[in-house]
1. Keeping to region 109-120, report how many residues are within 8 Å of the chain's Cα centre (by Cα) and surrounded by fewer than 23 Cβ atoms within 10 Å (Cβ to Cβ).
2. Among the residues of region 46-74, write down those that are under 19 Å from ARG8 (Cα atoms) and surrounded by fewer than 19 Cβ atoms within 10 Å (Cβ to Cβ).
3. Please work out which residue is farthest from the chain's Cα centre (by Cα), limiting yourself to region 77-92 and to residues that are buried (at least 18 other Cβ atoms within 10 Å of the Cβ) and of a type outside the set (Val, Ile, Thr).
4. All but one of (1) at pLDDT below 95; (2) among the polar types (S, T, N, Q); (3) over 27 Å from LYS11 (Cα atoms) hold for THR148; state the number of the condition that does not hold.
5. Just need a number here: residues in region 25-45 that are at pLDDT 85 or above and either touching an Asp or Glu at 6+ places or on another chain (Cβ under 9 Å) or surrounded by 13 or more Cβ atoms within 10 Å (Cβ to Cβ) (or both).
6. List every residue pair whose Cβ atoms sit under 6 Å apart, with the two residues 6 or more apart in sequence or on different chains, where the first one lies in region 53-78 and is within 13 Å of LYS100 (Cβ to Cβ) and the second, anywhere, is at pLDDT below 95 and of a type in the set (Phe, Trp, Tyr).
Amino acid sequence: MIDGVEVRKLKVHSDGRGRLMEIFRVSDSGVGPQQVYMTTAYEGTVKDKDNFHMHKRQTDFFTCIKGVMKLVLVDSRAGSGTKGEINEFKIGEDEPRMIKIPNGVLHAFKSVKGEAIVINCIDYEYNRSDPDEFRVKNTFYDWDKLCTL
């Protein structure tokens with residue numbers, strides 16, 4: 001596992017009216033989100049296929065609330081004990097989990113079942129005039145290989 005990455009299984013409470021799932025608790029993470037947003041990818045679509053992205057300040061807390069996605073992380077941090085390591089996670093309706101993605105860790109995802117709807121809680125508010133987003137050309141991961149998750 002890449003240093004600093006955390007996987008938290010989430011509990012879904014269901015009854016005849018619907019479902020409830022806690023995604024993020026400050027008491028669990030030690031930090032509070034500064035922004036929460038939703039993004040989606042249609043089935044078979046890879047977000048950031050050619051250019052993985054990362055943040056220098058921001059930590060992401062990803063949860064896929066609908067559909068299923070394959071999330072790929074690559075440790076690009078100089079001096080990290082896990083530099084160059086690649087982690088793959090399957091998250092979504094079938095596997096409700098929150099993945100903490102530390103700053104400096106490259107990431108991208110592919111929807112593998114239905115439209116993947118992702119909620120991301122971030123600890124550093126997005127600054128439109130000075131975005132904390134950096135892209136790295138993907139020369140290290142083959143999205144077309146069989147998913148063994």
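The values are calculated or read from the model by the stated rules, or taken from the named source; none is laboratory data. Only a predicted model underlies this, so the values are computations on that prediction, with no experimental measurement involved. Every residue, glycine among them, receives a Cβ derived from its backbone with ideal geometry; neighbour counts consider all protein chains shown.
1. 1
2. Result: ILE65, LYS66.
3. ARG77
4. All conditions are met except number (3).
5. 8
6. GLN58/TYR124; PHE61/PHE24
Yes or no, residue by residue, for (1) closer than 22 Å to ASP142 by Cβ; (2) of a type outside the set (A, V, I, L, M):
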| position | (1), (2) |
| --- | --- |
| GLY4 | no, yes |
| ARG19 | no, yes |
| ASP50 | yes, yes |
| ASP75 | yes, yes |
| MET98 | no, no |
